[in-house]
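Notes to accompany the following structure.
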């Protein structure tokens, strides 16, 4: 008969409170400085650089931010396990339309002119304050989900040291001939008067908005008060216009409208484009219009 005493195990509770377990683990991490030790114990290891794509702290974090931050934590954590030194630099994005639009709502303003009347300096001050409004909530989410990142020395994009660093970087690019001036078509907000970033587009840019069609008159060179009348559903392309097209089987007309101006347009569009009272002076073919020169709407390109 054995006289050995069976080991006694700590009783396991029948009900598990996962949030409490997570809080205990988080407390242990903080008390034993686990995150800091991942840096100190890997100080001599190969470098793996990680800069967090910074969130904007002028809005409360939501559950959808957990997934994105989990991905951001995954790769640095894996590299630490491989022996790399990963200095995880946190940051806060304090620029952009989300901050400015939020402050506009708070102040009851709408658009550039009202902001200038209110005062740009004071508006910028309000934006800086708003940009960091929910930083505590963001830090709490960061800790609660186990996202390891250096919050104490986080970069803030509106601070002078960050702005000056970017100017310094741009100067290095310029000195090496890596900057150029060019043209690029980008999404644009007419209300805000600014191009939109891909992040700002994701906040609700309406790609399905119906674009209005417009009639545009192009003044014929060396002719007094005579115009080619064109119709387009893409008015945003007009700054780059360099030519007009005519249909080989379309009948055109030379018309004097009620104002006395003379227009050239398709006969089938007379009633739709002109007010009643116009006078048809001549019927024309497409060949009659080929070779006419008109003054450009804009002077970006020669016509």
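The values are calculated or read from the model by the stated rules, or taken from the named source; none is laboratory data. This is a predicted model, so every value here is computed, not measured. No Cβ is skipped: glycine too gets one built from the backbone with ideal geometry, and neighbour counts run over all protein chains shown.
Odds and ends about this structure:
- Against the list (1) touching a residue at least 24 places away in the same chain (Cβ under 8 Å); (2) surrounded by 14 or more Cβ atoms within 10 Å (Cβ to Cβ); (3) over 30 Å from residue 88 (Cα atoms), the condition residue 191 fails is (2).
- Filter pass, residue 200 being more than 30 Å from residue 88 (Cα to Cα) and outside any loop (DSSP other than H, G, I, E, B): no
- Here residue 260 fulfils each of the conditions (1) assigned to a loop (DSSP other than H, G, I, E, B); (2) under 43 Å from the mean Cα position of the chain (by Cα) apart from (2).
- Candidates 266, 230 - the one that is out of contact with any helix residue (DSSP H, G or I) (no Cβ under 6 Å at 6 or more places or on another chain), crowded, with 16+ Cβ neighbours inside 10 Å, without any contact (Cβ under 8 Å) to a residue 40 or more places away in the chain and closer than 26 Å to residue 185 by Cα: 230
- Unmet criterion (only one of (1) out of contact with any helix residue (DSSP H, G or I) (no Cβ under 9 Å at 6 or more places or on another chain); (2) modelled with pLDDT of 90 or more; (3) surrounded by fewer than 17 Cβ atoms within 10 Å (Cβ to Cβ); (4) more than 20 Å from residue 136 (Cα to Cα)) for residue 106: (1)
- Qualifying positions in segment 233-248 - touching a helix residue (DSSP H, G or I) at 6+ places or on another chain (Cβ under 8 Å) and without any contact (Cβ under 8 Å) to a residue 40 or more places away in the chain: 247, 248
- Among the residues making up segment 26-65, those that are in a helix (DSSP H, G or I) and closer than 22 Å to residue 94 by Cβ are 64, 65.
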